[in-house]
Structure formats: C-alpha cells, structure tokens
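Everything on this sheet refers to the single structure shown next.
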Amino acid sequence: MSASDPITAGFLPLLDSAILVAARERGFAEEEGIALTLVRETSWANIRDRIAVGHFEMAHMLAPMPIAANLGLTPMRLDLIAPMSLGLGGNAVTVSHTLWTAMIGEGPVRPDEPATVGASLRSVIEHRRRNGEVPLRFGVVHPYSGHNFELRYWLAACGIDPERDVEILIVPPPLTADAMAAGRIDGFCVGEPWNSVAVAAGLARIATVKAAIWRSSPEKVLGVNEDWAGKHEEVLARLLRALHRASIWCGAVENHEELAALLSGPAYLNQPATLLHGALDGRLETGGETGLFPDFFVPAQKAAIFPWQSHALWFYSQMVRWGQVPHSAENAEKARLSFRPDIYRSALKALDVPLPSASMKVEGALVAPTAVGVSAGQLILGPDGFFDGAVFDPAQLDDYIASQRPASC
Amino acid sequence: MTRCAMLKHTRKEGMVSKLLSILVIDENTIRASIIEAGLREAGHEKVTVIHDVHAIARRIGEVQPDVIVIDLENPNRDMLENMFNLSRAVKRPIAMFVDRSDQASIEAAVDAGVSAYVVDGLRQERVKPILDMAISRFNAFSRMERELEDARDALESRKIVEKAKGILMRSKGLSEESAYQLLRRTAMNQNRKISEIAQSLITASELLGG
C-alpha cells in the first residue's frame, strides 16, 4: 500500500496494551497502510481528554469507559464506541503480606478458588471489626473499570459489603506497589504487570485472579472517537484487520518471548521481560509459589476481541448496582450500543475468519469449551463461568439488576 | 455518588463578590510557584499549592476550592475525579473545565498540559481568566524548559567537539583550526551535525584504543 493513513492511539503501560504494541512493532498496521503512533499516558482521564481534543483518534481503554462517556457520566462530553475488545482477563487481586498472613490464619486459601480467599477475607474483616480496627483499604484503578466491578462482585458474593466493610480507593496502576509499601492500601485489583511488580518487590501476595472470578471476562477495549469513526469507516476497518492479525500473533505461545521483549521496552511497559512473559503464559509468581492460571490473559482465542454487547450490559448492570447510574431502558440501550459488533463484523468479513453470529450471549453458561454458531469455520467459546455459579442473561437484565440490589434498598 | 445528587447542588450566583479559592496541584514545585505568582499578581489572594497528593481529600475539605488546576502529567487525576463524585470528600459539586462548550479553551489547556476543575455553577467569565493564566504560564514554563535543555545540549556538543578536535590534533598533527575545519567539512558532506561527527570520531577512537 502506498499511502499511509496516520492514527494516533493512547495507551497505559499494561500487559493488555499488547495487541496495539504488536500491531505497530510487528508491522501489522503498516501492512494495512496505517502509520500507527502509540502514546503512553499517565491516566485514563488524559486518554479521555486527549481523544476529546483530537490528539488521539482512539485508545486502549477500560471497557466501561465508553459506556460511562455515552451515559454522560464523565466530566467532558465525548461519544465513544468500542468496535473491538483488546483481550480477556489480565487482572489479579493482590494483598499485603500482613493481610495474607491474617487470611491464611482463618483457613485454607487457594488463589485459583476465589471463594476460599473471600471466606478468609470475610473472617479477617469480622475480627477487625470486633477489635475496633479501621476497615481494610483496597485500591482499584478507576471507578468505571473492570477492576472495580470484579473486586466488588467477588467481595459481595463472599458476603463482604464493598461499600461498608472495606474502603475502595482509586490508585493509578504504576503507583499501586508504592501505595502498598507506604501502608495506604491493604490490597488492590489491577492489571498485569503491576501485581507481579509488587510481588517481585517483596511487598505483596497475589490472592486471586480475574480469570478465576469470572473466566473469559472482558477487560480493555479499543475506544474510538465516534465522530472520527463515522468519517473514517474504511481506515478504521483496516486498523481492525491489523489488530485482528496482531491478536492472533499475541495469542501464539511461541511468540510470547518476543512479545514480552517488545512490551518490556522503555517506550512501553518498561518492566523486566521475564515478569511479562510469565503473565502472558498464565504463570504468575504469587509470592509463595508459582501459580498456573488457565486463561489468565487471552488475546485471541475464544473470540477474545469480539465486542460482545452482553459484556457491555454486564458492566452496565454493575454501574447500576453500585449507584453510578440509575437504571432505565434508555440507559441500558446506550450502554449496549457502546459496543459495536456490527463494525467488527463488517471489517473482518473480508478475512476468512469465524465471526460469531450473535452479538450477545448468556454469560457464565459455558462450563466447558463449546463450539458456537459462526459465519465460517469453527469457533470455540468458554468456559466462561462466574466463580459463584451465577449466570447473566442479557435478555433478563431487569431481573439480574433487581437480584443484585442491596437488601437495604 | 449519583450524578443527580451532584447536579441538585448547583450554586447560586449570590457570591460574586467573594474571592475565589484556587487550588493548584502540581508535583513540579517550580512550575507551581510560577502559576501561584501569576494568580496572585492577577489579584487572587486565596491560592493554595499542593505538591503531594496523598492527603488531598483532607486538604480539599479545608481549602474548599472553587477552582482546581492540575497538571496532566499527574497520574492521580483519576483518583481526583473520583473524589469529586463522592460527596464525602468534596462537599460541593465540581465540573470539569470552564464550560463544556468552550472547546477552544479546553484544547488550549490540554495542549499546554493542564486541566482545570470548577465548582458547578460558577460563571464562565469569572473562571476563564484563571484558566487562561494557567495555560499561558504552563506554556511559558515549557518554553523555559526547552530553552534550558537546548542550552544544556549546546554545552554538551561543545565539549564533544573540543574532545574530537583534540583527537585529530594528536593523531594527525593538525592545528586546532584545521581540526575544526575537517570536522565541519565532514559534517557538511554527510549532511550531519558537527557534534554527531565528533561523537563518531570519539567512539571510533575509543574502540581503536586511541
């Protein structure tokens, strides 16, 4: 391709920026005639603002961010769409050694079984309350984030009230280890590599992982300025094809060493490649042992980059649950339409790849890998269970929201 | 933390005569004092500067700012915005920027690397001069930093050229002037900077044990 269309995308230094980094560094964007520039940012607020003023056309983004923007919850007016997800999983819950020691004193704790971790945490919280100690503090990266919602989901399902029994603070990902070292937080839920960074520094233990709380669950998306997307459909389609190829490259185990080396560079994550390599393979040093977590981070398999509208609606259900937005049919529709599988399909239909026929699925229904209906070829989804066995059927949104309402309301 | 609860609180305009309380959050102490000075010169007396954001909730409670100015490099913006949504920490609702419709100001601010949060309902003409001031001082600071960096680079290049001249004078028995002319001619022929040629020469000389 002779002419090159410039696209500038913002990202935060996280493992799941991998697909964007690979698209640029491995030439996938260039092959599609796109000159992709990646700009590392320091906050999600900067990402949002710089899209709003036109510095970036798109960005690596927390999946609930486009939903929050379209619901008018952000300080700056901005319409965003998510035509692609940037992988599944990738987060962990990490706690201080002090808290971990208290937790294992309460009973057996297995990081791959969030219910055991939650039960011990609940006992610790009850002891602290009886002793008149201050509530434990947990850090998450943003109020509209998978981290906030999976942490709260896990706590609530374990009988811990995230509003009353603990305090949840916002801590930027690269500062989580510092905040723990300074004793400002007792635990945090953050994307890799920042859990492993805290463990490697001898500061903390990985208590459990996102993939164990909700297997094959959504995390980051490609958030695109809707106005720009409307005017550059063809360029966006080419970029999505480049990202699709990049995701397959990232998903191949034999490329993980090279991917880890790329991501470790000073312009990207600026962290040791060995630490990133482990997380890409789902092999994490938890602080006591080496844990193997199936589907820890999934960049390609299981339709990992397909923007399921059921994912958008689940995030919306949690925004309602925690009082960020009132529930209405109109709001739910805005949330659903923030994810754009139609754009994904139309961009990728030129390639001979299996595209899911449905735009929504029942989340948590698959207990084993299952073949699903696709346009061509074969596609295996799941398992995709929530650790508590619950199921989210997007067709029963009202009931799901009602069932999660706190008893006091 | 519902939005409707925030919007109900829109402040009345009965406090026009009251001095605005301005909070500047900037980890760069020099830039913060440049902005503070600018605001004071413009007649704002209630200016508070914070470099360290750790105890910020308490400070915001004490200062009760009408306007908050923060640099965009600060990774704690997400934490700060979340705080604005929680009535516990901030008693008054805070919206971002002067006015959502004032796109030019927003662009100028982001370009300059600064963001502002304003108590909801504060009239635009009261806040705009503050934001304009912050933008111009941020730009001036960047310019100053660039100039300083250029000066540092120039000094560094001069040292490198001096060293390369020394090598040529020793190894080829040239005068200082001829050594310089040789470097300059080579740079011109290769369309490169003289300091780059000098650096290559130093590297080569080191490799050869010269």
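Is at least one residue of region A:360-368 buried (at least 16 other Cβ atoms within 10 Å of the Cβ) and among the small types (Gly, Ala, Ser)? Yes, because at least one residue in region A:360-368 is buried (at least 16 other Cβ atoms within 10 Å of the Cβ) and among the small types (Gly, Ala, Ser).
Only one entry in A:ARG26, A:ARG40 is farther than 27 Å from A:ARG137 by Cα, within 14 Å of chain B (Cβ to nearest Cβ) and among the basic types (Lys, Arg), namely A:ARG40. Put simply, of A:ALA390, A:ALA335 the only residue that is surrounded by fewer than 17 Cβ atoms within 10 Å (Cβ to Cβ) and either within 20 Å of the chain's Cα centre (by Cα) or outside any helix (DSSP H, G or I) (or both) is A:ALA390.
Condition check for A:HIS256 on (1) part of a helix (DSSP H, G or I); (2) touching a residue at least 60 places away in the same chain (Cβ under 8 Å): one failure, at (2).
All conditions in (1) modelled with pLDDT under 95; (2) of a type outside the set (S, T, N, Q); (3) touching a strand residue (DSSP E or B) at 6+ places or on another chain (Cβ under 9 Å) hold for A:PRO108, with the sole exception of (3). Here A:ASN148 does not qualify as modelled with pLDDT of 95 or more, out of contact with any Pro (no Cβ under 9 Å at 6 or more places or on another chain) and either farther than 19 Å from B:ASN82 by Cβ or within 14 Å of another protein chain (Cβ to nearest Cβ) (or both). Taking (1) outside any helix (DSSP H, G or I); (2) not assigned by TED's automatic domain parsing to the domain that holds B:ASP66 in turn, B:THR186 satisfies each apart from (1).
Surrounded by fewer than 20 Cβ atoms within 10 Å (Cβ to Cβ) and within 11 Å of chain A (Cβ to nearest Cβ): is that true of B:GLU147 in this structure? When the stated conditions are applied, B:GLU147 does not pass them.
Total residues in region A:124-142 satisfying the condition of being touching a strand residue (DSSP E or B) at 6+ places or on another chain (Cβ under 7 Å) and in a loop (DSSP other than H, G, I, E, B): the figure is 3. Going through (1) within 14 Å of chain B (Cβ to nearest Cβ); (2) assigned to a helix (DSSP H, G or I); (3) of a type outside the set (D, E, K, R) one by one, A:LEU121 falls short only on (1). For the condition within 24 Å of A:HIS97 (Cβ to Cβ) and part of a loop (DSSP other than H, G, I, E, B), A:PRO162 qualifies.
Residue under question is A:LEU155, and the condition is that it be part of a strand (DSSP E or B) and either among the β-branched types (Val, Ile, Thr) or within 20 Å of the chain's Cα centre (by Cα) (or both); does it hold? In short, no. Residues of region B:17-40 that are at pLDDT 90 or above, among the acidic types (Asp, Glu) and either touching a helix residue (DSSP H, G or I) at 6+ places or on another chain (Cβ under 9 Å) or assigned to a loop (DSSP other than H, G, I, E, B) (or both): B:ASP26 alone. Residues in region A:338-350 include none that are under 17 Å from A:ARG215 (Cβ atoms), away from every other protein chain (no Cβ under 14 Å) and in contact (Cβ under 8 Å) with a residue 24 or more places away in the chain.
Against the conditions (1) at pLDDT below 85; (2) under 21 Å from A:GLY139 (Cα atoms); (3) within 14 Å of chain A (Cβ to nearest Cβ), B:ILE60 satisfies every one except (3).
Contact map, region B:103-115: first residue within 9 Å of chain A (Cβ to nearest Cβ), second residue in a strand (DSSP E or B), Cβ cut-off under 8 Å, separation 6 or more or different chains; pairs are B:ALA109/B:SER115; B:ALA109/B:ALA116; B:SER115/B:VAL69; B:SER115/B:ILE70; B:SER115/B:ASP71; B:SER115/B:MET96. Pairing residues of region A:138-166 that are on the phi > 0 side of the Ramachandran plot with residues that are surrounded by fewer than 20 Cβ atoms within 10 Å (Cβ to Cβ) and assigned to a helix (DSSP H, G or I), at Cβ distances under 7 Å and at least 6 apart in sequence or on separate chains, gives A:GLY159/A:ARG122.
When we screen A:GLY323, A:GLY288, A:GLY282 for residues that are closer than 28 Å to A:ALA204 by Cα and modelled with pLDDT under 95, the only hit is A:GLY288.
Restricted to helices (runs of 4 or more DSSP H) entirely inside region A:23-92, those with at least 1 residues that are closer than 23 Å to A:HIS232 by Cβ and among the charged types (D, E, K, R) are A:28-31, A:44-52. Checked against (1) in contact (Cβ under 8 Å) with a residue 12 or more places away in the chain; (2) within 14 Å of chain B (Cβ to nearest Cβ); (3) among the hydrophobic types (A, V, I, L, M, F, W, C), A:LEU222 passes all but a single condition, namely (2).
The values are calculated or read from the model by the stated rules, or taken from the named source; none is laboratory data. Owing to the predicted nature of the structure, the values given are computational and were not obtained by experimental measurement. Note that we place each Cβ from the backbone using ideal geometry, even for glycine, and neighbour counts take in every protein chain shown.
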